[in-house]
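See below for the structure under consideration.
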Amino acid sequence: MSDTPPMFSLIKRGNDSFPRYVIAKADAYRNAVYWDATSRLWHADETKATVFADVTQACWEQHDLLMEAVGERPVHRFIVPLIVEVFGEKPLLTDLRRWLEKAMRIVVDSPKHGLGPKGTVGFIIADVDEMKAV
């Protein structure tokens with residue numbers, strides 16, 4: 001395992017009506033290589049990349065790739081409260097969970113601020129199954 005974790009990019013392809021996504025990273029010479037989820041290999045040819053129609057599925061695939069690179073490191077967990085306020089009639093918790101899973105995006109500006117503090121890799125996990133009404 002390298003001390004420097006890979007920096008992945010999620011590249012939007014397609015168009016606004018039919019967005020598609022591919023996963024890329026830079027090789028040792030900073031040339032882009034593209035992920036083929038079927039063969040589990042990186043290719044210099046973008047046409048061999050897996051094209052994801054669902055951005056959430058692409059993000060989870062990217063998460064899995066990063067976990068393969070850093071999974072042997074010790075883990076330290078911190079909890080940050082995230083409050084969801086819904087105005088109007090109180091929705092069913094299952095409906096709210098379903099909506100959040102599809103609608104919520106937490107953006108981390110890794111290219112500008114790194115993957116974590118001082119050589120670490122931070123993951124943000126929104127576990128909507130643990131959500132409860134207060």
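The values are calculated or read from the model by the stated rules, or taken from the named source; none is laboratory data. The shown structure was predicted, so the numbers you read here are calculated from the model rather than taken from an experiment. With ideal geometry, Cβ positions are generated from the backbone for all residues, glycine too; neighbour counts draw on all protein chains shown. Side chains are part of the model used for accessible areas, which takes the heavy atoms of the whole protein and leaves out ligands, DNA and RNA. Shrake-Rupley method; radii C 1.70, N 1.55, O 1.52, S 1.80 Å.
Could you check Val22 against (1) under 28 Å from Glu130 (Cβ atoms); (2) surrounded by 15 or more Cβ atoms within 10 Å (Cβ to Cβ); (3) modelled with pLDDT of 95 or more and say which number it fails? In the conditions (1) under 28 Å from Glu130 (Cβ atoms); (2) surrounded by 15 or more Cβ atoms within 10 Å (Cβ to Cβ); (3) modelled with pLDDT of 95 or more, Val22 misses (1) alone.
Within the stretch 47-62, residues that are under 19 Å from Arg98 (Cβ atoms) reach partners that are part of a helix (DSSP H, G or I) and open to solvent by 30 Å² or more (accessible area, probe 1.4 Å) with beta carbons closer than 8 Å, at six or more positions or on different chains, in the pairs Thr56/Glu101; Thr56/Lys102.
Give the stretch 92-127 a look and list any residue that's among the aromatic types (Phe, Trp, Tyr) and either part of a helix (DSSP H, G or I) or open to solvent by less than 60 Å² (accessible area, probe 1.4 Å) (or both), or say none. Reasoning before the result, please.
The initial filter retains those residues of the stretch 92-127 that are among the aromatic types (Phe, Trp, Tyr), namely 99, 123.
Within the stretch 92-127, just Trp99 meets the criteria.
Restricting the stretch 33-91 to residues that are aromatic (Phe, Trp, Tyr) and farther than 30 Å from Lys132 by Cα, which is most open to solvent (accessible area, probe 1.4 Å)? Of everything passing the filter in the stretch 33-91, Trp42 is most open to solvent (accessible area, probe 1.4 Å). For first residues located in the stretch 109-134 and within 13 Å of His76 (Cβ to Cβ), partners that are assigned to a loop (DSSP other than H, G, I, E, B) and basic (Lys, Arg) and lie 6+ apart or on another chain with Cβ distances below 9 Å form the pairs Thr120/Arg73; Val121/Arg73.
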